[in-house]
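Just so it is clear, none of the values below were taken in a lab; they were calculated from the coordinates. Predicted model only: the values in this text are computed from it and were never measured. As a convention, Cβ positions derive from the backbone with ideal geometry for all residues, glycine included, and neighbour counts pool all protein chains shown.
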Ligand SMILES: C[S@@+](CC[C@H](N)C(=O)[O-])C[C@H]1O[C@@H](n2cnc3c(N)ncnc32)[C@H](O)[C@@H]1O
């Protein structure tokens with residue numbers, strides 16, 4: 001049984017509603033990709049075996065095109081290849097951020113060599129990382145243009161934060177959520193990252209209050225809110241449990257000092273947790289909301305939480321974000 005049939009079968013124990021299925025092309029879809037570096041090639045592990053390659057067709061074409069050119073430049077220089085063990089790529093679609101990670105301190109001569117490579121390849125920002133060291137050769141933040149409906153948003157991300165990996169499915173995920181919203185007033189969003197859903201969804205709600213525990217994500221979100229001149233989003237660096245505690249007025253948070261929580265009339269809660277799923281506190285919090293939107297990268301914890309939140313599925317979409325792998329992404333609207 002393939003992964004989609006397997007999930008549909010498990011889902012049928014919880015609902016009669018049939019999921020909408022959204023597929024992705026099997027190549028060119030990954031807007032971020034991480035490789036090891038060994039024997040002067042990129043490496044990755046597949047089926048417990050190390051594979052060596054000069055390029056891969058799975059990442060976005062702009063990354064695929066860059067891979068062999070960057071590899072040639074790295075291999076041309078002892079300084080660039082020595083003690084290099086990982087190369088991570090991200091793209092906005094027009095520009096690439098490449099993070100080179102080393103087992104050695106990076107000195108002035110490395111900086112000059114990296115700058116030469118960056119200048120010669122174009123549309124590339126290099127970041128060098130080593131223990132307790134981060135060296136920016138180009139710009140750290142990437143501006144992604146998110147086109148959704150007739151609007152366009154600029155969303156900042158960098159190599160320290162989560163961002164939606166599949167650009168083919170990203171706008172379909174936003175549309176799937178917005179087409180099912182009933183009587184939206186204010187939105188509480190947990191695990192908001194750097195705002196991949198926050199910004200586009202804000203146009204559908206009066207106000208949004210978004211929380212997340214990664215300080216880099218919250219910094220980027222606040223900058224993107226300004227960049228897009230949006231005035232109906234407030235955000236705070238709070239973990240899921242701190243958000244639950246703040247909403248229950250259990251204790252004051254200095255990080256909320258300029259935010260009037262009483263002014264919100266929440267109609268929806270949106271959660272997009274990591275693979276571990278929701279904490280008990282978040283499950284308890286969710287029960288105060290009429291409508292819940294659950295985005296999950298782990299069907300197992302999604303089905304576990306579905307029982308715990310005691311809700312019915314109104315609609316559900318399966319997004320095959322990583323073709324030819326066992327992963328699926330699920331978005332459910334729960335009443
Ligand atoms: C799957 S990502 C979703 C991010 C965002 N919704 C997006 O699509 O770009 C999960 C996010 O939860 C954050 N996170 C992890 N554990 C958390 C916690 N205990 N409390 C709050 N946020 C957490 C991570 O930093 C990450 O940004």
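From most to least packed by mean Cβ count within 10 Å, the peptides 296-306, 134-144 give 296-306, 134-144. I need the calculated FRET efficiency for the pair residue 260 and residue 65, taking r as the beta carbon distance and R₀ as 56 Å, to the nearest 0.05. Result of the calculation: an efficiency of 0.70.
Which shape class applies to region 32-136: rounded if a/c is under 1.5, otherwise prolate when a/b exceeds b/c and oblate if not, where a ≥ b ≥ c are the square roots of the Cα gyration tensor eigenvalues? Oblate, because a/c is 1.5 or more while a/b does not exceed b/c. Against the chain, whose longest principal axis is taken from its Cα atoms, helix 167-178 shows a tilt of about 10°.
What is the calculated FRET efficiency for residue 154 to residue 88, with r their C-beta to C-beta distance and R₀ = 25 Å, to the nearest 0.05?
On the way: r = 22 Å, r/R0 = 0.89.
After rounding to 0.05, the efficiency reads 0.65.
Counting beta carbons within 10 Å around each of 215, 30 and listing the fewest first gives the order 215, 30. Here each label is just a point 7 Å from Cα along the line to Cβ, and for residue 300 and residue 251 those points are 3.3 nm apart.
Were the residues from residue 51 through residue 215 laid out at 0.36 nm apart, the gain over their Cα-Cα distance would be 55.6 nm. Sorting 244-253, 84-93 by their mean Cβ neighbour count within 10 Å, with the most densely packed peptide first, gives 84-93, 244-253. The Kirkwood hydrodynamic radius of the chain, based on inverse pair distances between different Cα atoms, is 21.4 Å.
Which order do 198, 43 fall in if you start with the one that has the fewest other Cβ atoms within 10 Å?
Final ranking by Cβ density, sparse to dense: 43, 198.
Expressed as a fraction of 2.2 N^0.38 Å, the value expected for a compact globular protein of N residues, the C-alpha radius of gyration of region 1-73 is 1.58. Once you have a ≥ b ≥ c as the square roots of the Cα gyration tensor eigenvalues for region 193-291, tell me rounded if a/c is under 1.5, and otherwise prolate or oblate according to whether a/b is larger than b/c. Here region 193-291 falls in the rounded category.
Computed extension gain for residue 181 through residue 12, at 0.36 nm per residue and net of the alpha carbon distance, reaches 58.5 nm. Each label was represented as a point 7 Å from its Cα along the Cα-to-Cβ direction; for residue 41 and residue 107 these points are 3.2 nm apart.
As I understand it, the value is the acute angle between the Cα axis of helix 61-75 and the longest principal axis of the Cα atoms of the chain; what does it come to in degrees, rounded to 10? The angle comes out near 40 degrees. Of 16, 119, the sequence from fewest to most neighbouring Cβ atoms within 10 angstrom is 16, 119.
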